[in-house]
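Structure first, then comments.
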Amino acid sequence: MLSKSDTLRNIISKRGRESLKRRPYLQLIILGIACAVLLAGCTGTQDVQSQGNETSLLLGFSQLGSESGWRLGNTRDIHEAAQRAGVQLMFENAEQKQENQIKAIRSFIAYQVDVIAFAPNVEDGWDNVLTEAKAAGIPVLVTDRQINTADESLYAGFVGSDFEAEGIRAAEFLLEKMNGAGHVNIVEISGTIDSTPMRQRASGFRSVLEGDGRFTIIESISGDFLRSKGKECMRELLARHDTIDVLYSHNDEMTFGAIEAIEEAGLVPGKDIVIITVDGEQEAIGLLIEGKINCVVECTPLIGDVIMELAKKLAAGEPIPWETYSVEVTFSEFDDDLDALPPRGY
Ligand code: GZL
């Protein structure tokens, strides 16, 4: 971990460093501005990881939070990938608050980083700050979740998962599992409202089941991707509904909480209630092997190397693909080699 003074010295971009060498007075002014921006409410937590030499790429990354094992794995992978790539990383954790992400992006602009990347907590409300980044000539890479904007020139591209496909895969497992069954009551515990995974995991799932009268989604409530809220949601759903056949949960953390509630109610997860979850955390695979979960739809957080590769292209003025998607699979009770799976890494 760098000291704050080291941090400031290391975060002036290489462009700034060249001009600063010729104008020492300017160095003091820039340093003062950087101090002011750093101290003026960059709430959230920040760290600067200095990897390469003075000329290496300086990447400003705004991470949305620490809400799940998936997110912690994503953060760890980004730091490790930056080390592998020799990228200087200025990393801000917004603790699931969009306003903290906007402040972080503004601080990256003030520091004149070479590239900005961020995982947007929600899809809307980014145009103003991304317009400021565009005016500053700093390319932006959207990672993990997507944004809604009418002006696609505000960012260079997206890297992450296809959440619609994840929802489809969840429903395809259910069709296989319930082949020949009677009517099926489904409850859904969804992710952060207005986030891409919440919207698309819901729509993908419904796109497969709509028109099939055997399946009814009797209630859907948001657990905000949090374990504690997943437990609360499942308690409420069990209290309100006598017959729940299936739980579709948008992430493993909420599923872990929901399983606690199901067992508290004297029911057997994976048997009395079929459980379909998304992410693929190590803990979820363990519960799948135990029989407490029936299907785990993979959503990989391990996209750090691709982020660094795309950031380097942007810093070099090279074009990148508009969308780069992870390749993902589904694990379920129908697999016979689950014990042989390699460690998940998150
Ligand atoms: C998906 C990611 C989601 C995970 C959750 O790419 O945005 O956010 O599914 C995480 O576990 O909280």
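For region 169-192, give me the residue count where each residue is in a helix (DSSP H, G or I) and more than 16 Å from the ligand (Cβ to nearest atom).
We begin by selecting, within region 169-192, every residue in a helix (DSSP H, G or I); these are 169-177.
Right, trim to more than 16 Å from the ligand (Cβ to nearest atom) and you get 171-177.
The total comes to 7.
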Filtering region 157-168 down to residues that are open to solvent by less than 30 Å² (accessible area, probe 1.4 Å) and more than 15 Å from the ligand (Cβ to nearest atom) yields Gly157
Only one residue in Ala261, Ala265 is over 26 Å from the mean Cα position of the chain (by Cα) and either open to solvent by 10 Å² or more (accessible area, probe 1.4 Å) or closer than 25 Å to Glu333 by Cβ (or both). Which one?
Ala265
Within region 268-281, considering residues that are open to solvent by less than 60 Å² (accessible area, probe 1.4 Å) and out of contact with any helix residue (DSSP H, G or I) (no Cβ under 7 Å at 6 or more places or on another chain), the one farthest from the ligand (Cβ to nearest atom):
Gly270
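Matching residues to (1) in contact (Cβ under 8 Å) with a residue 40 or more places away in the chain; (2) in a helix (DSSP H, G or I); (3) assigned by TED's automatic domain parsing to the domain that holds Ala170:
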site: Glu236; (1), (2), (3): no, yes, yes
site: Ile244; (1), (2), (3): yes, no, yes
site: Met254; (1), (2), (3): yes, yes, yes
site: Ile262; (1), (2), (3): no, yes, yes
site: Gly266; (1), (2), (3): no, no, yes
site: Glu283; (1), (2), (3): yes, yes, yes
site: Asp305; (1), (2), (3): yes, yes, no
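Collect the residues in region 282-302 that are near the ligand (Cβ under 10 Å from one of its atoms) and either more than 22 Å from the chain's Cα centre (by Cα) or open to solvent by 10 Å² or more (accessible area, probe 1.4 Å) (or both), keeping them in residue-number order. Write out each step before concluding.
From region 282-302, those near the ligand (Cβ under 10 Å from one of its atoms) are 297, 299-301; that's our starting set.
Selection gives Thr300 alone.
If only one of Gln112, Gln200 is in contact with a helix residue (DSSP H, G or I) (Cβ under 7 Å, 6 or more places away or on another chain), within 12 Å of the ligand (Cβ to nearest atom) and not hydroxyl-bearing (Ser, Thr, Tyr), which one is it? Lay out the reasoning, then the answer.
Working: Gln112 fails: within 12 Å of the ligand (Cβ to nearest atom).
Of Gln112, Gln200, the one residue that is in contact with a helix residue (DSSP H, G or I) (Cβ under 7 Å, 6 or more places away or on another chain), within 12 Å of the ligand (Cβ to nearest atom) and not hydroxyl-bearing (Ser, Thr, Tyr) is Gln200.
The values are calculated or read from the model by the stated rules, or taken from the named source; none is laboratory data. All values reported here derive from a predicted model rather than from experimental measurement. Counting neighbours? That spans all protein chains shown, and the Cβs are built from the backbone with ideal geometry, glycine included. We work out accessible area using only protein heavy atoms, side chains counted, and drop any ligands, DNA or RNA first. Shrake-Rupley method; radii C 1.70, N 1.55, O 1.52, S 1.80 Å.
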